[in-house]
Amino acid sequence: MTELLTLDRVDDVFVLTLTHGDNRFNKDSVAAINAAFDAVDASEGPAALVVTGTDKFFSNGLDTEWMMGPGMEAGETRPMVADLHGLFRRTLLAPYATAAAVNGHVFAAAAMWSATFDFRVMREDRGYWCLPEVDLGMTFSGGMMALIRDRLPTMVSHRAIVTGDRYGGTECVRLGIYEEVAPEGEVLGRAIAYAQAHAHQRGDVLGQIKANRHHEVAAALQAESDKR
């Protein structure tokens, strides 16, 4: 679709691949991801969505260099952060199956985004999942904290946010952060297999189930999204 990502289709599964280096979130990348979601939403019939990255990164989180430079100077930082919370909510409530094929490092806001998918599989031999905000001098928004509390085991979420510890794929599965770990060459295939198996469930019923399941988190994320 753009130099930032590609959107392909394998049977009933849309595969969104982030293709821009360490795939950080800025105004352009968040807009491009939302455009890809728009394309999936506009499709008809059974469908599901898989998101993955390239090389050693799934995503390295917020593009702080952009935020402190052009984004800040143009007054675009706050709207982008609001849109990112909206993306978290959109992924969490998508009326079709979603899966993250975590091919490598997934840090900070990207680690939170990965938590919004229905299914997560991570490469077993390379890459870390991490919430490093405590070491970056950053805090978590109310929406982010609600998401972390909802999607991670209680003691795991506590340790992750207060220590900034890094976890590899095998450790992520052991701690209940992700569902599966796989060799590099199987990560995407397993995510696609999951998505394909559930593509027929797309529709209003699934959307309503997710809305009911994630009601409080969705409300918290919406509140952050409204802060433009």
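The values are calculated or read from the model by the stated rules, or taken from the named source; none is laboratory data. Here the structure is a predicted model, which means the values were calculated and not measured. In this analysis, Cβ positions are derived from the backbone assuming ideal geometry, glycine residues included, and neighbour counts consider all displayed protein chains.
Among the criteria (1) without any contact (Cβ under 8 Å) to a residue 40 or more places away in the chain; (2) closer than 23 Å to L84 by Cα, the one W129 does not fulfil is (1).
Considering region 5-26, the residues that are under 16 Å from the mean Cα position of the chain (by Cα) and not in a strand (DSSP E or B) include one that is farthest from R120 (Cα to Cα), namely N26.
Set side by side, the residues P79, P70 differ, and just one is surrounded by fewer than 17 Cβ atoms within 10 Å (Cβ to Cβ) and either under 23 Å from M145 (Cβ atoms) or touching a Cys at 6+ places or on another chain (Cβ under 9 Å) (or both), which is P79.
Once region 84-95 is narrowed to residues that are assigned to a helix (DSSP H, G or I) and in contact with a Phe, Trp or Tyr (Cβ under 9 Å, 6 or more places away or on another chain), the residue that is surrounded by the most Cβ atoms within 10 Å (Cβ to Cβ) is L84. Contact map, region 58-74: residues that are more than 18 Å from L87 (Cα to Cα) and in contact (Cβ under 8 Å) with a residue 24 or more places away in the chain paired with residues that are outside any loop (DSSP other than H, G, I, E, B) and basic (K, R), Cβ distance under 7 Å, separation 6+ or inter-chain. Pairs shown: G71/K27. For region 198-228, how many residues are touching a residue at least 24 places away in the same chain (Cβ under 8 Å), farther than 25 Å from G142 by Cβ and in a helix (DSSP H, G or I)? Selection size over region 198-228: 6. Those helices (runs of 4 or more DSSP H) of region 125-178 in which 2 or more residues are touching a Leu at 6+ places or on another chain (Cβ under 8 Å) occupy 142-151, 154-163. Please work out which one of (1) in contact with a Cys (Cβ under 6 Å, 6 or more places away or on another chain); (2) over 24 Å from L84 (Cα atoms) is the condition R166 fails and give its number. With (1) in contact with a Cys (Cβ under 6 Å, 6 or more places away or on another chain); (2) over 24 Å from L84 (Cα atoms) applied to R166, the lone miss is (2). Can you name the residue in region 53-67 that is in a loop (DSSP other than H, G, I, E, B) and among the small types (G, A, S) and, of all such residues, is surrounded by the fewest Cβ atoms within 10 Å (Cβ to Cβ)? Among those that are in a loop (DSSP other than H, G, I, E, B) and among the small types (G, A, S), it is G61.
Residue-wise test of (1) exposed (fewer than 14 other Cβ atoms within 10 Å of the Cβ); (2) over 17 Å from the mean Cα position of the chain (by Cα); (3) of a type in the set (V, I, T).
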| residue | (1), (2), (3) |
| --- | --- |
| P132 | no, no, no |
| S141 | no, no, no |
| M144 | no, no, no |
| T154 | yes, yes, yes |
| H158 | yes, yes, no |
| C172 | no, no, no |
| I177 | no, no, yes |
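Looking across D28, D55, D38, one residue alone is at pLDDT below 95 and of a type outside the set (A, V, I, L, M, F, W, C). It is D55.
Considered as a group, the residues in region 1-30 that are in contact (Cβ under 8 Å) with a residue 60 or more places away in the chain and of a type in the set (V, I, T) include one that is surrounded by the most Cβ atoms within 10 Å (Cβ to Cβ), and that residue is V13. Considering only region 31-40, I want to know if a residue exists there that is closer than 29 Å to R213 by Cα, without any contact (Cβ under 8 Å) to a residue 40 or more places away in the chain and of a type in the set (D, E). Yes: one or more hits.
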